[in-house]
């Protein structure tokens, strides 16, 4: 649709016409601000924590465990050099007392949501699947942050309490 | 020829004063749109509706995705 609009504007005499072909789906999937009835405040990206610890697949579990604990987290995401999510170390994996590589201990390919995913649907998913948090990734697979169930539920509770 | 641009280029163009135009129907625009964008649905895009735009400034058009 946008190529036709761009062409029509040129036909109307506009000389500097650009076509953002990937459109608002791409924009939202990177967590950039959205306006309108369903603006950024209704999306996961606004509530995702970005201070979650990350590590590489070749790191040692013992070192990562210390890093995660020091940061106050019971989960850690495993990413490649570009920040693409490869796996996750949950509470059980971090509690292992052996010192294996992260790659050996991680759960590969966790399911993720985009920053523009609706907050209400994310809460529903966490309830249904009994998850305490959801990793949030951009459309290129890089880690955006983590939505914690307690943060999401606190948000909806505060909204419900408003007169 | 209109120039295809990516997300980073859109942000740069807007910082430099470009006008953002969503060409989807009004209901979709009201639902969600890029900050500062105006809505001129493709079906209504003609010389009259385009009169809202300044000819001396760059114009970036977009819809939902590339489909």
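The values are calculated or read from the model by the stated rules, or taken from the named source; none is laboratory data. Being a predicted model, the structure only gives us computed values, none of them experimental. Counting neighbours? That spans all protein chains shown, and the Cβs are built from the backbone with ideal geometry, glycine included.
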In region B:1-17, how many are facing another protein chain (nearest Cβ under 7 Å) and closer than 20 Å to residue A:12 by Cα? 3
Pick from region B:21-42, criterion more than 8 Å from chain A (Cβ to nearest Cβ) and outside any loop (DSSP other than H, G, I, E, B), ranking: farthest from the chain's Cα centre (by Cα): B:27
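Of the residues that sit in region A:10-24 and are farther than 19 Å from residue B:33 by Cβ and assigned to a helix (DSSP H, G or I), which one is farthest from the chain's Cα centre (by Cα)? Write out each step before concluding.
Within region A:10-24, the subset farther than 19 Å from residue B:33 by Cβ is A:10-16.
Pick out the ones that are also assigned to a helix (DSSP H, G or I) and you get A:10-11.
Values: A:10: 38, A:11: 41 Å.
Selected residue: A:11.
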When (1) within 7 Å of another protein chain (Cβ to nearest Cβ); (2) surrounded by fewer than 16 Cβ atoms within 10 Å (Cβ to Cβ); (3) part of a helix (DSSP H, G or I) are applied to residue A:69, the one that fails is (1)
Scanning region B:43-67 for residues that are more than 7 Å from chain A (Cβ to nearest Cβ) and over 13 Å from the mean Cα position of the chain (by Cα) gives B:43, B:44, B:46, B:48, B:51, B:56, B:67
If you go through region A:44-52 one residue at a time, do you hit one that is at pLDDT below 95, surrounded by 14 or more Cβ atoms within 10 Å (Cβ to Cβ), in contact with a helix residue (DSSP H, G or I) (Cβ under 7 Å, 6 or more places away or on another chain) and more than 13 Å from residue A:135 (Cα to Cα)? yes
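The rows are residues; the columns are (1) in contact (Cβ under 8 Å) with a residue 12 or more places away in the chain; (2) within 14 Å of chain B (Cβ to nearest Cβ); (3) under 15 Å from the mean Cα position of the chain (by Cα); (4) part of a helix (DSSP H, G or I).
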{"position": "A:3", "(1), (2), (3), (4)": "yes, yes, no, yes"}
{"position": "A:8", "(1), (2), (3), (4)": "no, yes, no, yes"}
{"position": "A:26", "(1), (2), (3), (4)": "yes, yes, yes, yes"}
{"position": "A:31", "(1), (2), (3), (4)": "yes, yes, yes, no"}
{"position": "A:38", "(1), (2), (3), (4)": "yes, yes, no, no"}
{"position": "A:52", "(1), (2), (3), (4)": "yes, no, yes, no"}
{"position": "A:62", "(1), (2), (3), (4)": "yes, no, no, yes"}
{"position": "A:65", "(1), (2), (3), (4)": "yes, no, no, yes"}
